[in-house]
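Before any comments, here is the structure.
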Amino acid sequence: MEEHSHTAEAIQERLLGSEKFSYLRDFVYGGVDGAVTTFAIVAGVQGAGLSTSIIVILGAANILADGFSMAAGNYSATKADLDDRRRIIEIEERHIREFRSGEIEELRQILEKRGLSGQTLKDATELIVADKKKWIGFMLTDEYGLSQEEPRPLRAALATFAAFLAAGSIPLLPYVLSMPKPFETSIAATALTFFLIGTAKSRWSLAKWWYSGGETLLIGSTAATVAYWVGSLFHP
């Protein structure tokens with residue numbers, strides 16, 4: 001089965017699109033945790049037999065506080081990656097200035113390991129060396145294994161918080177809207193949320209969408225079951 005078109009126009013469009021940084025990881029990360037933690041609170045309070053108002057208060061507090069905490073953590077982690085990337089770029093720029101011949105040789109050997117040889121190897125080396133920005137970009141990916149695209153900490157944090165807020169609100173909605181049988185409705189809505197997040201997560205793996213969706217559903221359901229059981233221990 002062909003995953004994408006291989007016409008010249010489609011390839012060009014796909015390569016241009018690949019330069020844009022994807023925040024799918026941040027959305028899935030925030031969404032899974034938002035749905036799991038909020039529903040765990042709902043299940044735990046429900047298991048303890050406490051009132052609807054307590055469920056809403058604790059759930060809302062979790063969405064805002066834990067969501068902000070996750071976003072801040074993701075910001076710090078992404079910022080650390082960005083700082084490390086900039087440190088490496090400065091090192092490469094200094095090495096090119098002070099040890100140019102050694103850096104050229106390093107580039108030549110990397111290209112040689114890729115299968116280039118003879119005049120083709122010489123021409124490719126000279127072509128890359130002629131553009132310092134492309135040269136450093138090549139070393140970032142081939143020597144250090146980094147992406148060409150610079151990470152954006154604030155956008156990553158906002159993506160995580162937005163996903164946490166959206167997914168975390170699902171278990172609470174039946175209680176906020178005073179729906180009949182709110183706990184049963186919350187279970188069904190949250191289970192669907194887990195499954196949909198899992199299908200999105202399958203983009204990162206070779207697993208089928210239905211398998212990834214079922215796996216995420218199982219993880220979320222297990223966490224909720226444990227929370228409900230713990231809450232039931234305190235039921236009067």
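Just a few scattered comments:
- Condition check for Phe68: touching a residue at least 60 places away in the same chain (Cβ under 8 Å), within 19 Å of Arg152 (Cβ to Cβ), open to solvent by 10 Å² or more (accessible area, probe 1.4 Å) and in a helix (DSSP H, G or I): yes
- Count of residues meeting criterion [under 19 Å from Gly67 (Cβ atoms), open to solvent by less than 30 Å² (accessible area, probe 1.4 Å) and of a type outside the set (S, T, N, Q)] in segment 37-51: 6
- Listed by first and then second residue, the pairs linking a residue in segment 152-170 that is under 14 Å from Tyr23 (Cβ atoms) to a residue that is basic (Lys, Arg), with Cβ atoms under 7 Å apart and 6 or more places separating them unless they lie on different chains, are Pro153/Lys79.
- Residue selected from segment 159-211 under the condition closer than 29 Å to Ala48 by Cα and not in a helix (DSSP H, G or I), by the criterion nearest to the chain's Cα centre (by Cα): Ile170
- For Ile54, the stated conditions do not hold, so it cannot be described as surrounded by 15 or more Cβ atoms within 10 Å (Cβ to Cβ), of a type in the set (A, V, I, L, M) and part of a helix (DSSP H, G or I).
- Cβ pairs under 8 Å, 6+ apart, first in segment 83-109 and in contact (Cβ under 8 Å) with a residue 24 or more places away in the chain and on the phi < 0 side of the Ramachandran plot, second open to solvent by 90 Å² or more (accessible area, probe 1.4 Å) and not aliphatic (A, V, I, L, M): Glu93/Lys132; Ile96/Lys132
The values are calculated or read from the model by the stated rules, or taken from the named source; none is laboratory data. Keep in mind that what you see is a predicted model, and the values were worked out from it rather than measured. Note that each Cβ is placed from the backbone with ideal geometry, even for glycine, and that neighbours are counted across all protein chains shown. Just the protein is used for accessible areas: all its heavy atoms, side chains included, with ligands, DNA and RNA removed. Shrake-Rupley method; radii C 1.70, N 1.55, O 1.52, S 1.80 Å.
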